[in-house]
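Notes follow once the structure below has been shown.
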Amino acid sequence: MKKNLLDYSLEEMQNYKIASPSFRIKQIFEWLYKGYSFSEMKNLPADLKEQLNENYVDLPLSILEVKNAKDKSAKFLYKLIDGNIIEGMLMKYKYGYTLCVSTQIGCRMGCVFCASGKNGLIRNLTAGEILAQVIVVNRYLGGTLKERQITNIVLMGMGEPLDNYDNVTKFLKLINSDKSLNISQRNISLSTSGLTDKIKKLADDGFFVTLTISLHASDNITRSQIMPVNKAYNIEEILNATNYYFNKTGRRVIFEYTLIENKNCDNENAEKLVNLLKGRVCHVNLIPLNEIKENNLHSCSRKKAEEFLNVLLKNNISATIRRTIGAEIDGACGQLRANHINRKTEEKNN
Ligand code: SAH
Ligand code: SF4
């Protein structure tokens, strides 16, 4: 099987002597990080390009579809070499673009509100496959290695990043390197459903990305109903792990709380959340539920969301309601892929 070159750091490419003389390796590395395939690497001799093509993969994915939203966000569908499809979301802010990347194909956590986990886990993405999402979108936006368009990354696409720990942390190192895209960990957020042993390991291994916890409930009964993973890692264990992460990294932890009607958005739920989070250095992101076809869950009204927010603010808990991004292009995690696959299945059946 061909090796994916983007899985290697520059040092690894040099150690494995992927080309000679060694200055060629630097040229290949720079082309790859700009998003160019072997055949487009203008300053390489034809026989070297041929040799590379025989042994290695240049870009392990390509952009299959881009859906633009009115608010300047865009949803990307990528096709991987094995035919699998993953997704990403691009958001434009004043300071630049933030890209939301996927870390797995599918997800085995099975949260009831999420489309990504509906068919379970298909496979982990490699570090190079996670990195390639940033590289191809940067090229799509006209960015280069030195003048990149993407300034921030959120690991919030399809998959549970901490269930793919080795590839995700390798990706963090690859993208952080000053020879590559040099995106600082301060500009990267990692969202997790709360795998506490891996949260602690992340801090122990010296990472300090912004940790975002998908909490979504303020008691264990409700959380277990909507997030089965809570049976393995409950709220108390998660809060302990976030304390550990904060103490080691000094980084404020963010809690995501998706508001679901008749499940978690009454005044009583807000009061319970206050009791859990009071006195912590944290921020709460309230997210209107992105409704998906596969279940019968609904977001609560804007009024109710604001009441929930006010309970938190009154108790000095930093909190905001997240603006809905790209709602008309199915901006939720896993949604576009689910729609794309449904469309394909319908086409086949007709
Ligand atoms: N697996 C990780 C990261 C990917 S999900 C995690 O769960 O944190 C990224 C975020 O999208 C999570 O906070 C997740 O709970 C949220 N999400 C998933 N489906 C959603 C939906 N239908 N509406 C709103 N948010 C959703
Ligand atoms: Fe997986 Fe996150 Fe979706 Fe839960 S919310 S199924 S952990 S991707």
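Got at least one residue in the stretch 207-221 being in a helix (DSSP H, G or I), within 16 Å of ligand 2 (Cβ to nearest atom), among the aliphatic types (A, V, I, L, M) and more than 20 Å from L155 (Cβ to Cβ)? Scanning the stretch 207-221, I find no residue that is in a helix (DSSP H, G or I), within 16 Å of ligand 2 (Cβ to nearest atom), among the aliphatic types (A, V, I, L, M) and more than 20 Å from L155 (Cβ to Cβ), so the answer is no. Within the stretch 284-307, the set of residues being surrounded by fewer than 18 Cβ atoms within 10 Å (Cβ to Cβ), of a type outside the set (G, A, S) and away from ligand 2 (no atom under 16 Å from the Cβ) comprises N296, H298, R302, K303, K304, E306, E307.
Scanning the stretch 42-72 for residues that are hydrophobic (A, V, I, L, M, F, W, C), within 30 Å of M91 (Cα to Cα) and assigned to a loop (DSSP other than H, G, I, E, B) turns up L59, A69.
Kindly check whether there is at least one residue in the stretch 22-32 that is over 27 Å from D163 (Cα atoms), modelled with pLDDT under 95 and either in contact with a Leu (Cβ under 7 Å, 6 or more places away or on another chain) or away from ligand 2 (no atom under 16 Å from the Cβ) (or both).
So far as the stretch 22-32 goes, yes, one or more of its residues are over 27 Å from D163 (Cα atoms), modelled with pLDDT under 95 and either in contact with a Leu (Cβ under 7 Å, 6 or more places away or on another chain) or away from ligand 2 (no atom under 16 Å from the Cβ) (or both).
Being at pLDDT below 95 and either within 16 Å of ligand 1 (Cβ to nearest atom) or assigned to a loop (DSSP other than H, G, I, E, B) (or both) holds for only one residue in E294, E256, and it is E294.
Only one of the numbered conditions (1) away from ligand 2 (no atom under 13 Å from the Cβ); (2) crowded, with 18+ Cβ neighbours inside 10 Å; (3) hydrophobic (A, V, I, L, M, F, W, C) is violated by L141, and that is (2).
Here is a check on your reading of the model: is L273 at negative phi, buried (at least 16 other Cβ atoms within 10 Å of the Cβ), more than 22 Å from the chain's Cα centre (by Cα) and among the aliphatic types (A, V, I, L, M)?
Spelling it out, L273 is indeed at negative phi, buried (at least 16 other Cβ atoms within 10 Å of the Cβ), more than 22 Å from the chain's Cα centre (by Cα) and among the aliphatic types (A, V, I, L, M).
Selection of first residues in the stretch 107-136 that are under 20 Å from I287 (Cα atoms) and of second residues that are of a type in the set (A, V, I, L, M, F, W, C) and surrounded by fewer than 18 Cβ atoms within 10 Å (Cβ to Cβ), restricted to Cβ pairs under 6 Å at least 6 apart or on distinct chains, gives the following pairs, ordered by first then second residue: F113/L297. Would you point out the residue of the stretch 173-206, among those that are within 19 Å of L90 (Cβ to Cβ) and not small (G, A, S), that is surrounded by the fewest Cβ atoms within 10 Å (Cβ to Cβ)? This residue is N187.
Name the single residue that is nearest to G142 (Cα to Cα) among those in the stretch 19-40 being of a type in the set (A, V, I, L, M) and not in a loop (DSSP other than H, G, I, E, B). Give the steps one after another, and end with the answer.
Going residue by residue through the stretch 19-40, those that are of a type in the set (A, V, I, L, M) are 19, 25, 28, 32.
With the extra rule that they be not in a loop (DSSP other than H, G, I, E, B), the set shrinks to 25, 28, 32.
Numbers: I25: 24, I28: 19, L32: 15 Å.
Among them, the one singled out is L32.
Checking K278, K248 one by one, the residue that is of a type in the set (K, R) and either at pLDDT below 95 or closer than 18 Å to K314 by Cβ (or both) is K278 and no other. Hey, does the stretch 115-122 have a residue that's away from ligand 2 (no atom under 16 Å from the Cβ) and either buried (at least 19 other Cβ atoms within 10 Å of the Cβ) or not charged (D, E, K, R) (or both)? The answer is no; no qualifying residue exists.
For V168, indicate whether it is within 13 Å of the chain's Cα centre (by Cα), more than 30 Å from T222 (Cβ to Cβ), more than 10 Å from ligand 1 (Cβ to nearest atom) and part of a helix (DSSP H, G or I). The answer is no for V168.
From G157, G83, grab the single residue that is within 14 Å of ligand 1 (Cβ to nearest atom) and not in a helix (DSSP H, G or I). Criteria check complete, one pass: G157. When the residues of the stretch 233-253 are filtered to those that are in contact with a Gly (Cβ under 9 Å, 6 or more places away or on another chain) and not in a helix (DSSP H, G or I), the one that is surrounded by the most Cβ atoms within 10 Å (Cβ to Cβ) is Y233.
The values are calculated or read from the model by the stated rules, or taken from the named source; none is laboratory data. Please read all numbers here as calculations on a predicted model, not as lab measurements. Here Cβ is always computed from backbone atoms with ideal geometry, including for glycine, and neighbour counts include all displayed protein chains.
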